[in-house]
Amino acid sequence: MRHEIVRREELAPGYKLFVIRSPVIARKIQPGQFVMVRVHEKGERIPMTVSDFDREAGTITMVVHEVGKTSRMLASLKEGDTILDLLGPLGKPSEIKKYGNVVAICRQGTAGALYSIVRALKRAGNRVTVIMGAKSRDYLIFEERMRRLCDEVVVATDDGSAGMKGYAVAALREYLKHNHVDYILAIGPTKMMKTVGRIAREHGIKATASLGAIMLDGTGMCGACRVTVAGSTKFACVDGPEFDATEVDFDELQRRQEFFKEEERLAFELYEEGT
Ligand SMILES: Cc1cc2nc3c(=O)[nH]c(=O)nc-3n(C[C@H](O)[C@H](O)[C@H](O)COP(=O)(O)OP(=O)(O)OC[C@H]3O[C@@H](n4cnc5c(N)ncnc54)[C@H](O)[C@@H]3O)c2cc1C
Ligand code: FES
């Protein structure tokens, strides 16, 4: 079944928001889950987190970062275009409960993936602070939406054009000097989540990271999304994507994410050349 794009918004250079008609997924999706998207018959499936959903309108929202061939094809679609198929909801929902003081940390477009989780954590009675990192002010995605949703937003930019100058993890370290935190949720680059895991371990705080493992089928059949957590093999698509950030082997995850770099580069070049 084809899925119509009902709204498309440019959030920042290389980042697009899509609202897509998909009543079945909209009815069932829970915060933290994702879908596998296939743009056309010959295309690969790629995982995308459902950032938001409207059960009554039958729509889901995704924030797409253009990094390679398929994400760029997806991002090039316009309002009224359709997506060939969406498979989901997939993955385990986020564990939503009352933790107390929660910090959710992200970088640029991954703020989209945090959005419905932050809302659910707020509704569960938590005090939620969102720490947002970005290259510069122009890449602060969902800042206003997050300010409306949570108790506090802390901004860190690499060039100092907004908030603190530096990375989000430095802002987290600073925040922990002055605040008691019960739970940290990280969605972002692997390096960032690895540092969050280390910080959480040092402070004895429960922490979760949503892993961007390479996925092919998204249903536990192919093994592409294999990750090691607390010494055991897990499949990010069915056992995750969220795992205890203090227990993930992030170095292995990073190596596996780079496994197809050459093929991805070639596919992108051919796409750019229009072949
Ligand atoms: C559970 C999950 C949720 C995600 N949610 C979002 C989201 O909401 N928005 C968003 O923009 N991106 C999201 N991603 C990442 C997104 O799936 C990849 O950026 C996309 O697959 C890249 O494909 P490409 O052809 O454009 O780029 P490619 O050139 O193929 O790859 C570029 C990089 O993306 C990663 N990647 C490539 N293929 C896959 C794959 N099949 N699965 C996972 N990562 C891959 C690799 O690290 C690679 O180096 C998510 C990934 C996972 C695992
Ligand atoms: S993507 Fe195939 S097992 Fe997870």
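Within the option set Leu90, Leu86, Leu74, being closer than 27 Å to Glu143 by Cβ, under 20 Å from the mean Cα position of the chain (by Cα) and in contact (Cβ under 8 Å) with a residue 24 or more places away in the chain holds for one residue only, Leu74.
Being of a type outside the set (Phe, Trp, Tyr), under 15 Å from Phe250 (Cβ atoms) and more than 15 Å from ligand 1 (Cβ to nearest atom), is that true of even one residue in region 202-211? Yes, that holds for at least one residue. Looking only at region 192-221, residues that are of a type in the set (A, V, I, L, M), over 26 Å from Val128 (Cα atoms), touching a helix residue (DSSP H, G or I) at 6+ places or on another chain (Cβ under 8 Å) and free of Cβ contacts under 8 Å to residues at least 60 places away in the same chain come to 2 in all. Residues of region 236-246 that are within 13 Å of ligand 1 (Cβ to nearest atom) and surrounded by fewer than 21 Cβ atoms within 10 Å (Cβ to Cβ): Val238, Asp239. When restricted to residues that are touching an Asp or Glu at 6+ places or on another chain (Cβ under 7 Å) and not in a strand (DSSP E or B), region 206-249 contains 1. Counting only residues that are at pLDDT 95 or above and either more than 16 Å from ligand 2 (Cβ to nearest atom) or assigned by TED's automatic domain parsing to the domain that holds Glu242 (or both), region 33-70 holds 17 of them. Taking the criterion of being touching a Ser or Thr at 6+ places or on another chain (Cβ under 8 Å) and loosely packed, with under 15 Cβ neighbours inside 10 Å, the only residue of region 117-137 that qualifies is Ser136.
Suppose we filter Glu56, Glu10, Glu66 for residues that are within 27 Å of Leu185 (Cα to Cα) and free of Cβ contacts under 8 Å to residues at least 24 places away in the same chain; which single one remains? From the options Glu56, Glu10, Glu66, the qualifying one is Glu10. Screening Gly212 on (1) surrounded by 18 or more Cβ atoms within 10 Å (Cβ to Cβ); (2) away from ligand 2 (no atom under 16 Å from the Cβ) shows it passes everything except condition (2).
Within the option set Tyr139, Tyr115, being in contact (Cβ under 8 Å) with a residue 60 or more places away in the chain and under 28 Å from Lys234 (Cα atoms) holds for one residue only, Tyr115. Exactly one residue among Ala224, Ala186, Ala170, Ala230 is in contact (Cβ under 8 Å) with a residue 12 or more places away in the chain, of a type outside the set (Ser, Thr, Tyr) and surrounded by 17 or more Cβ atoms within 10 Å (Cβ to Cβ), and that residue is Ala186.
The values are calculated or read from the model by the stated rules, or taken from the named source; none is laboratory data. None of these values were measured; they are calculated from a predicted model. Please note: Cβ atoms are built from the backbone with ideal geometry, for glycine as well, and neighbour counts cover all protein chains shown.
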